[in-house]
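The next block holds one structure in the form of structure tokens; read it before the comments.
Nothing in this text is a laboratory measurement; each read-out follows from the coordinates by a stated rule. In this text, all values refer to a predicted model and were calculated from it rather than measured experimentally. Methodologically, a virtual Cβ is constructed for each residue, glycine included, from the backbone with ideal geometry; neighbour enumeration extends over all protein chains shown.
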Amino acid sequence: MNRPHDPSSATNAALLRAQAFMTPSPVPSISTELLVSADGELNRELHHFLFDPPSNPDLLKGKKVAICCSNGVEEVEITGAMKWLTEHGATVHVVAPRIGEFHPTLGLRFPPLTKTHVLAIRLMENAGWLKIDCYMDEARVSDYDACIFPGGCWNPDFLRADSHAQAFVRDMLASGKPTCAICHGQWVMVSAGILKGKKATAVWNIHPDLANAGATVLDEPCVVDGNLITARFPYDLPRMVDALVKQLVK
């Protein structure tokens, strides 16, 4: 008798074989291939989230989601969310601050491409450029049904200092719309002062930051407190998006 074909096993084998042809990463990096082929419950969920065909391409038709970020956004957290949401019918915008002029005493240099794109990363490794759809100072809560603040350490550390980003996440939460953050993205929520008295989670090393901001911190893949939805790590992305969808589709 022929054994049933397991497409996920075939995909995992292909991903692992691809790894064998890659040279070692020159910097600390997160490998999407390793994330989705590891034998863990949350890894398997991420695998299906990224590779399964859409169950209902019209599930989120008419819905609009803002993914708020800056340079240094964690690649799998933004591209994985964008892919799943758009394949299920949503319109997704990359919303980012404008890169302004810096005083020469700071010694900062930004390539011209940062005026229209944000640089994604894999932990500490540069990835690709993602086009900005809307600038943070132009974004209006009334234009979106939900928002996501992805991680990557550099991204939210830049974004948390942007007054428009702080106002946007504050107003999104107050509006009752799904307001999500994953990994280090919660830093923007800390700076916006919206976590006091809330249950939340984040990547493990910033749990003290959430606690200092007045949150009750839980070490769970996804924590939902009203319309505040938070998650810890790239492999928690499917559960965060699932919680978002449950609030959008009732």
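Of the peptides 153-160, 134-141, the ranking by mean beta-carbon count within 10 Å, highest at the top, reads 153-160, 134-141. Against the chain, whose longest principal axis comes from its Cα atoms, helix 163-175 is set at around 70 degrees. For Lys64, the aspartates and glutamates whose Cα comes closer than 14 Å to its Cα, not counting residues fewer than 8 places off in the same chain, are Glu87, Asp133, Asp143, Asp145. Charge tally for Met82 (other residues, Cβ to Cβ under 12 Å; Lys, Arg +1; Asp, Glu -1): -2. Near Asn227, once Lys and Arg are set to +1 and Asp and Glu to -1 for all other residues with Cβ below 14 Å from its Cβ, the sum equals +3. Taking amide H positions as modeled 1.01 Å from N, with prolines and chain starts lacking one, the residues under 5 Å from Gly151 and 5 or more places away or on another chain are Glu74, Ile182, His184, Gly185. Pairing the Cα long axis of helix 41-51 with the longest principal axis of the chain, what angle in degrees results, from 0 to 90 and rounded to the nearest 10? On a 0 to 90 degree scale, this one is about 90.
With +1 assigned to the C-beta of every Lys and Arg and -1 to the C-beta of every Asp and Glu, and no other charges, what is the dipole magnitude of the chain about the Cα centre in debye, to the nearest 20? Working shown, then result.
Values: 23 positive and 27 negative charges, 72 e Å.
Using Cβ point charges on Lys, Arg, Asp and Glu, the chain gives about 340 debye.
Between the alpha-carbon centres of region 202-245 and region 37-59 there is a gap of 20 Å. In region 23-80, taking the dipole from charged Cβ atoms about the Cα centre, the farthest positive-side position among Asn43, Val65, Val27 is held by Val65. Relative to the dominant Cα principal axis of the chain, helix 237-248 is inclined by about 70°.
In the structure shown, do any of Lys131/Lys250; Lys131/Lys177; Lys115/Lys177; Lys199/Lys246 have a Cα-Cα gap over 27 Å, and if so which?
On the way: Lys131/Lys250 31 Å; Lys131/Lys177 25 Å; Lys115/Lys177 29 Å; Lys199/Lys246 18 Å.
Checking Cα-Cα distances, Lys131/Lys250; Lys115/Lys177 exceed 27 Å.
In this simple spin-label model, placing a label point 7 Å from the Cα along the Cα-to-Cβ direction at both Ala10 and Tyr135 gives a separation of 4.8 nm.
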